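Below is one structure, written out as structure tokens; the observations come after it.
The values are calculated or read from the model by the stated rules, or taken from the named source; none is laboratory data. From a predicted model like this one, the values you see are computed outputs, not experimental measurements. Cβ placement follows ideal geometry from the backbone for every residue including glycine, while neighbour counts extend to all protein chains displayed. Surface accessibility is based on the protein's heavy atoms, side chains included, excluding ligands, DNA and RNA. Shrake-Rupley method; radii C 1.70, N 1.55, O 1.52, S 1.80 Å.
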Amino acid sequence: MDFPTIHFITTLTFLILISHAHPTACATPSKTSTNFIKKSCNTTTYPSLCVKTLTPYAASVGTNPLKLCTAALAAAIQATNNCTTTVSKLANQKGITRPEARAIKDCIGDMKDAVYELKQTLAAMGHLGDADRELQWANAKTYASAAITDAETCVDGFLGRKVNPTVKKKIRDCVSGVEKLMSNALSLINHLY
């Protein structure tokens, strides 16, 4: 398949999965679904963040572990996109030095790669009902791990470079939040089966 076809299929899969995981304002989550999220989040690295992030999805998740993973990935993708926007705005500030601009540009590339990897994770999750479920599950875990690595690479790109401490802190804080969401999503995926 050519790249536009793969991109279209990945985007379509993402949109289908996300439409089933988006928080619903009209639906009231049951105690069972809320408890399911709390119990599932206990397996993650950041359980309180997991519960806070995923409870709004309780009505659409129910007690379905796959929908919970999809919601966690949707939250991670949204946060990564928001972080990329934040980092991009820093690049346009006055007084940014050439080394800072280079590090920021590299970071933006890493974050865009992370979004791509998270979307690939979603695409693999969309094939868990196929005959090659184990392969797709392994792919999902690999892509999610790669997204975390991309985020870490963004922050590592500032090591050894002269960068304004305020700029570095803003980026580190932003990326740290994204990494936590990615880590929680990966943990939920790891405990799927």
Counting only protein heavy atoms, what percent of the accessible surface of the range 143-184 is carbon or sulfur at a 1.4 Å probe? 53 percent
Whole-Å distance, taken between Cα centres, linking the range 133-193 and the range 35-86: 15 Å
Using the Cβ atoms and a cut-off under 12 Å, what net charge is assigned to the surroundings of Thr80, where Lys and Arg are +1 and Asp and Glu are -1? -2
On a full-extension model of 0.36 nm per residue, what is the gain between Thr142 and Asp106, subtracting their alpha-carbon distance, rounded to one decimal in nm? 10.7 nm
Regression test value, accessible area per residue of the range 120-185, probe 1.4 Å, units Å², expected 48 Å²
Neighbourhood charge, 14 Å Cβ-Cβ cut-off, centred on Pro47 and excluding it, Lys, Arg +1 and Asp, Glu -1: +4
So, by mean Cβ neighbours within 10 angstrom, what's the order for 120-131, 144-155, 31-42 with the highest one leading? 144-155, 120-131, 31-42
Which one, Leu118, Pro99, Ala146, projects farthest toward the positive side of the charge dipole computed for the range 95-147 from Cβ point charges (K/R +1, D/E -1)? Pro99
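Going down the table (Lys112/Lys162; Lys38/Lys112; Lys39/Lys89), which pairs top 32 Å between alpha carbons?
Lys39/Lys89
What is the sum of charges, Lys and Arg at +1 and Asp and Glu at -1, for the other residues whose Cβ falls under 14 Å from the Cβ of Ser33?
Once all neighbours under 14 Å are counted, the net charge is +4.
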Rounded to whole Hz and in sequence order, give me ³J(HN,Hα) for the range 180-191 from the Karplus expression 6.51 cos²θ - 1.76 cosθ + 1.60, θ = phi - 60°, writing x for Gly and Pro. 5, 5, 5, 4, 5, 4, 4, 4, 5, 5, 4, 9
Additional length obtainable on full extension of the chain from Asp130 to Thr32, 0.36 nm per residue less Cα span: 32.4 nm
Pairs to check: Lys105/Lys169; Lys52/Lys141; Lys119/Lys169; Lys52/Lys180. Give those whose C-alpha atoms are more than 19 Å from each other in this structure. Lys52/Lys141; Lys119/Lys169
